[in-house]
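The values are calculated or read from the model by the stated rules, or taken from the named source; none is laboratory data. Given the structure is predicted, the values throughout are model-derived calculations rather than measurements. Here Cβ is always computed from backbone atoms with ideal geometry, including for glycine, and neighbour counts include all displayed protein chains.
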């Protein structure tokens with residue numbers, strides 16, 4: 001029996017409270033020496049923490065496609081690792097693999113059917129990109145813009161992105177530009193993030209919503225109004241943006257992170273003036289799930305990886321080291337402490353330095 005480390009859900013924050021690192025707990029457990037047919041033993045390299053996980057901390061997620069984490073049991077989510085032992089024909093020792101249901105353990109025995117083999121060459125060996133720019137956040141940004149943004153290259157459209165320095169938002173603004181938007185404005189929560197959005201990620205303007213007069217500054221930044229709004233946050237910020245949107249414009253309803261610590265349905269109800277603006281200006285605001293486009297994920301990942309390799313899609317990550325720090329990384333991410341994708345590095349093996357030059 002081998003001794004491993006794992007992370008369990010120790011307590012629930014409550015539907016109307018902010019999560020804290022102490023909601024999670026590290027514990028040691030033993031792993032069987034052998035594996036059964038159809039199983040694979042993996043060593044964890046990277047784990048992902050994401051806003052949707054806040055819903056999984058409640059007894060009811062409020063969503064038909066998410067299961068709650070159970071108290072005292074191992075948490076799970078997006079993960080990447082390397083195969084150490086295999087009793088399944090699709091996987092051999094040394095393969096790099098990922099799963100959306102990766103247990104929060106440094107080593108695990110899993111059913112092969114939950115794993116997908118990765119090609120490290122797609123990301124030039126930056127394996128963590130498979131959890132971000134060339135993974136679910138990247139696909140969410142790509143299909144959100146393509147399917148719900150209605151971007152027309154010749155139309156000189158202005159796109160606004162909230163949560164613009166996060167995993168999805170930082171990519172969505174860049175993809176909006178690549179798809180043909182002529183002006184891209186980001187909204188985020190610090191001056192440092194604003195600076196990075198403009199100097200590194202190609203946004204025309206970035207606004208700190210914590211500063212005074214967001215409405216006035218947004219009006220100045222979008223003199224022709226807002227045509228496409230990639231909404232990651234909801235709440236007051238989104239009400240402000242929607243009030244300045246043009247006739248027949250489009251909201252890409254990606255996330256509502258400002259509302260996740262409240263006991264409200266998803267999507268949360270809107271104030272009457274915002275509902276009126278959507279109705280009177282014929283603004284589309286349809287629910288959007290990247291899972292709906294599963295048949296196009298493979299082609300989407302190829303497109304994203306090509307943009308990354310060509311330098312057209314710039315990638316930012318915030319990396320926290322150590323499985324034991326995943327609760328702190330989650331708490332920080334929910335408060336906006338990350339720039340780009342929040343990643344937890346569990347094991348060094350399999351990183352870029354291991355690849356031949």
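Points worth noting:
- Check on residue 27, farther than 23 Å from residue 232 by Cβ and either at pLDDT 95 or above or surrounded by 17 or more Cβ atoms within 10 Å (Cβ to Cβ) (or both): yes
- For the range 156-243, the strands (runs of 3 or more DSSP E) that sit wholly inside it and include 2 or more residues that are free of Cβ contacts under 8 Å to residues at least 40 places away in the same chain and at negative phi are 183-188, 205-208.
- Residues that are at pLDDT 95 or above, surrounded by fewer than 17 Cβ atoms within 10 Å (Cβ to Cβ) and in a loop (DSSP other than H, G, I, E, B), drawn from the range 304-336: 310, 311, 312, 314, 322
- Among the residues of the range 272-290, those that are touching a residue at least 12 places away in the same chain (Cβ under 8 Å) and surrounded by 13 or more Cβ atoms within 10 Å (Cβ to Cβ) comprise 274, 277, 278, 281, 283, 284, 285, 288, 289, 290.
- The residue list 58, 90 contains one member that is surrounded by fewer than 21 Cβ atoms within 10 Å (Cβ to Cβ), farther than 20 Å from residue 319 by Cβ and under 22 Å from the mean Cα position of the chain (by Cα), which is 58.
- Checklist (1) more than 22 Å from residue 203 (Cβ to Cβ); (2) in the same structural domain as residue 49 (by TED's automatic domain parsing) applied to residue 336, failing item: (1)
- Checking each residue in the range 284-296 for being assigned to a helix (DSSP H, G or I) and in contact with a helix residue (DSSP H, G or I) (Cβ under 6 Å, 6 or more places away or on another chain) picks out 290, 293.
- For the range 20-41, the candidate set comprises residues that are out of contact with any helix residue (DSSP H, G or I) (no Cβ under 6 Å at 6 or more places or on another chain) and part of a loop (DSSP other than H, G, I, E, B); within that set, the residue that is nearest to residue 87 (Cα to Cα) is 37.
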